[in-house]
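Note sheet for the following structure.
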Amino acid sequence: MKPGVGVGVNERAGGPASVRFPLNRRTLRHWAKQLVACRLCRNLTLTAFLAILVIEAAILIPSYRNYEENLLSERVDVASQAVITFLKHTQSHPIHPEDLNTLIASSPLVGISLSRDGVMYTAGEAIEQPKPADGVLRNAPRTAAGAIDLVWTSDPTLSDYEVQARVDVSEVPAELLAFVFRILGLSLLIAVFVTAVTMFVIDRMMLSPLLKLRERISRAGEDAEHPLKYLTPTGRHDEFGEVEGAFNSMLKQNASYLARLHLLNRELDQLLDERTQTLRKTEQELQIRTLYDQLTGLANRNLFEEQLDRHFDQVTPGESVKEAVLVLGLNDFQALNGLAGHKTGDRVLQEIARRIGGFSADHGHVARLGGDVFGLLVREHHRHPFENLQARISAIIEACQRPVQVAGKSYECEVSAGVAVILLDGRDARTLLSHAEIAMRRAKKSSSERVQFFASEFGEQVHRRQEMISSLKAAIQNQQLELHFQPQFDRLRHCAGYEVLLRWHHPILGGVSPAEFIPLAEETGLIVSIGDWVLDQAVARLKLWVNQGFRGRMAVNVSAMQLHDEAFADRIAALLQRHGVSAGQLELEITETALMEDVERAMATLNRFRQLGLDLAVDDFGTGYSSLAYFKVMPVSRIKIDRSFVNGLPDSEQDEVLCRTIINMAHSMGCEVIAEGVETEAQASWLALAGCDELQGYLLGRPNSEGFTKSGRQHVR
Ligand code: C2E
Ligand code: CA
Ligand code: CA
């Protein structure tokens, strides 16, 4: 067969045409390799081959004997025929020895002896022990030259001669050998053919399906998750088909086991989930019980200490004091509990806890440390730079002391607080807490001081501050505040207006500078009420002056916080209306820094000012970082050069440049310029020459309580 010419083996064999493969050299090599590699096939083929050989051998032995006997008889027959023919033709008596020699030469005979009636003729080799010719020739002894001696008794065909003959059978062994080789060759050929056929059949019937099955089994084993993928129809009705069937049913069984297993797994997962959830819940409850106070939900002492330490590890406080541990205790809480009952007591505690909690964004930084004692980490609020530690503590105490409503009744608790400041009073939670508690106990004993700082030096500062705050609160009612007025002059030194400056006469401390108490009022929010009072007084005084003929303006300082109060503008409008004063005569002074602090938030109030016709003067100009673009959208009419720049005039070149720049810039924006803190003539004349519109300062007039007087003229020194 030509290589490459393919014949479908199955098709040819008449079997199911499952695989068609080209029967070329490559395929045959592959097939042979496969067969050789297959141990089963190897054994089977070898066995078949050997079996054929054994059978052939078994057949060969009798055939060999028969063949030998046949060969010998053939020879003997030829010899006897030659003798019979010779005797028939030799009727004459006696027989010539030449004739006998001719007989020997023309037949397989090598020796002969004829005897009749006592007469004997011999020729050729002498015959020793002849055997009758009808016996088994194979067993007859042979001479060294390969001849056998035979005797034929007298009979008519032999003309009554007894014949003894030596027949040459020397060629028989060679013929026998050729026979054996022929047979062996044939057997081998048959064996090879039968083996090849066996191999082919084994491959078709067993090896290939077996390999496929093995492949299927191993793939199914690897992909145990999808047993049904490896199901194949059993095409055969023999044992192999049964094996395939068994495998298929095993796969089906596996699939059903798998489905059950999945189901069980899912159930198990669900169970596990439920268990985990329950466990987690229990764990959480347990944690809540061990870490949180049941009544208030705040952290307990353990968690508080832990959280504080963690916080201190993360945050390294700077040298300036920024954080403190505050311990708050409710005074006479036991009495409240006794009188109003535990339920009310609990409600009060819960409410206080809620209020304290509102001061900390971090849940772990507020705790209930015991019955009526709370702990809190107090930090300076960076988003509110004016609010410092003391202010925060005051605010917390204030919040706690506000009445608590329970079932329509109002309960008030006094609070004693102890403060331990980080770095100053300790570096770890435990020390700070115990120091704050010591301070709190000190506060409880003290009749006058509600807050005690563990470190005295800081405590004194805070104490003074606290005192100042409480006195400032009462200052309006106690009529300790007073307005002073500082005149402002134009270039011709005519009085153009007055700036209102607040004065506080403290009964013990004496006159307190607004530079000290205004920031305090801003931090505590008192500035709103103080500012309202100042405006009210200032407008009332302005009205008085207007009635006396004053045509100038009055400048009132306002803080950022007032600007952020949405009702502020309307309150001013109402005030002006109440006193019958025009908005044009009132000017609001706001520092550059305050104005820029939160422009977006202040914008609503500033727009309202514009509607009302109220003008702004930007105070302390040059100390902040204004965006001039904003000034265009704000009702700014005046810019006040800060005192620090005026101070250096006329000697400091830098201040000169700065002042000149401010003046030019303000004019270019359509604003007037006023210089504050003018103390010398040199400053005044330099400013006037530089184009500054107005001047204010001790040189021209100090703040005083009178301001404009009808009789008195503002003297220009
Ligand atoms: P300010 O608005 O810059 O007020 C000017 C301050 O400079 C006043 O101090 C005034 O007495 C002082 N001064 C005026 N001329 C001279 C001078 O020639 N030389 C020197 N060395 N000082 C001069 P005062 O009255 O102590 O006020 C301090 C600050 O307090 C004010 O600074 C203002 O920011 C604030 N302030 C005063 N009254 C009020 C108010 O009613 N409301 C608000 N929000 N702040 C106020
Ligand atoms: Ca001012
Ligand atoms: Ca100023």
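The values are calculated or read from the model by the stated rules, or taken from the named source; none is laboratory data. A quick note: this is a predicted structure, and the numbers were derived from the prediction, not measured. Cβ placement follows ideal geometry from the backbone for every residue including glycine, while neighbour counts extend to all protein chains displayed. Please note that ligands, DNA and RNA were not included when accessible areas were found on the heavy atoms of the full protein model with its side chains. Shrake-Rupley method; radii C 1.70, N 1.55, O 1.52, S 1.80 Å.
Total residues in the range 574-596 satisfying the condition of being open to solvent by 10 Å² or more (accessible area, probe 1.4 Å) and under 60 Å from the mean Cα position of the chain (by Cα): the figure is 4. Note on the range 407-450: among residues that are open to solvent by less than 30 Å² (accessible area, probe 1.4 Å) and assigned to a strand (DSSP E or B), the one that is nearest to residue 347 (Cα to Cα) is 415.
Only a single criterion out of (1) touching a residue at least 24 places away in the same chain (Cβ under 8 Å); (2) open to solvent by 10 Å² or more (accessible area, probe 1.4 Å); (3) within 16 Å of ligand 1 (Cβ to nearest atom) is not satisfied by residue 655, namely (1).
Quick check on residue 606: is it without any contact (Cβ under 8 Å) to a residue 40 or more places away in the chain and either within 16 Å of ligand 1 (Cβ to nearest atom) or under 56 Å from the mean Cα position of the chain (by Cα) (or both)? Taking the combined requirement at face value, the residue does not satisfy it. The number of residues in the range 226-258 being outside any helix (DSSP H, G or I) and either modelled with pLDDT under 85 or under 28 Å from residue 204 (Cβ atoms) (or both) comes to 8.
Yes/no matrix, rows are residues, columns are (1) away from ligand 3 (no atom under 16 Å from the Cβ); (2) part of a helix (DSSP H, G or I):
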| site | (1), (2) |
| --- | --- |
| 533 | yes, yes |
| 539 | yes, yes |
| 544 | yes, yes |
| 565 | yes, no |
| 575 | yes, yes |
| 589 | no, no |
| 596 | no, yes |
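Of everything in the range 624-683 that is in a helix (DSSP H, G or I) and polar (S, T, N, Q), the residue that is nearest to ligand 2 (Cβ to nearest atom) is 644.
If you go through the range 517-536 and keep only what is within 16 Å of ligand 2 (Cβ to nearest atom) and in contact with a strand residue (DSSP E or B) (Cβ under 9 Å, 6 or more places away or on another chain), you end up with 517, 518, 530, 531, 534, 535. Checking residue 551 against (1) within 14 Å of ligand 1 (Cβ to nearest atom); (2) of a type outside the set (A, V, I, L, M); (3) free of Cβ contacts under 8 Å to residues at least 60 places away in the same chain; (4) not in a helix (DSSP H, G or I), which single condition isn't satisfied? All conditions are met except number (1). Can you spot a residue in the range 518-526 that is among the charged types (D, E, K, R), crowded, with 21+ Cβ neighbours inside 10 Å and within 16 Å of ligand 3 (Cβ to nearest atom)? Yes; the residues of the range 518-526 include at least one that is among the charged types (D, E, K, R), crowded, with 21+ Cβ neighbours inside 10 Å and within 16 Å of ligand 3 (Cβ to nearest atom). The residues listed here are 481, 502; of these, the one that is open to solvent by less than 30 Å² (accessible area, probe 1.4 Å), within 16 Å of ligand 2 (Cβ to nearest atom) and more than 57 Å from the chain's Cα centre (by Cα) is 502.
Scan the range 672-692 for residues that are open to solvent by less than 60 Å² (accessible area, probe 1.4 Å), within 16 Å of ligand 3 (Cβ to nearest atom) and either aromatic (Phe, Trp, Tyr) or within 18 Å of residue 552 (Cβ to Cβ) (or both) and the total you get is 6.
Scanning the range 85-121 for residues that are open to solvent by 70 Å² or more (accessible area, probe 1.4 Å), closer than 21 Å to residue 149 by Cβ and touching a residue at least 24 places away in the same chain (Cβ under 8 Å) yields a count of 2. Summed over the range 267-299, residues that are charged (D, E, K, R) and closer than 30 Å to residue 356 by Cβ total 6. Taking the range 659-669 as the range and being in contact (Cβ under 8 Å) with a residue 24 or more places away in the chain and surrounded by fewer than 19 Cβ atoms within 10 Å (Cβ to Cβ) as the test, the residues that pass are 660, 664, 665, 667, 669.
Checked against (1) under 20 Å from residue 583 (Cα atoms); (2) assigned to a loop (DSSP other than H, G, I, E, B), residue 496 passes all but condition (2). Residues that are closer than 18 Å to residue 324 by Cβ and surrounded by fewer than 19 Cβ atoms within 10 Å (Cβ to Cβ) within the range 290-308 comprise just one, 301.
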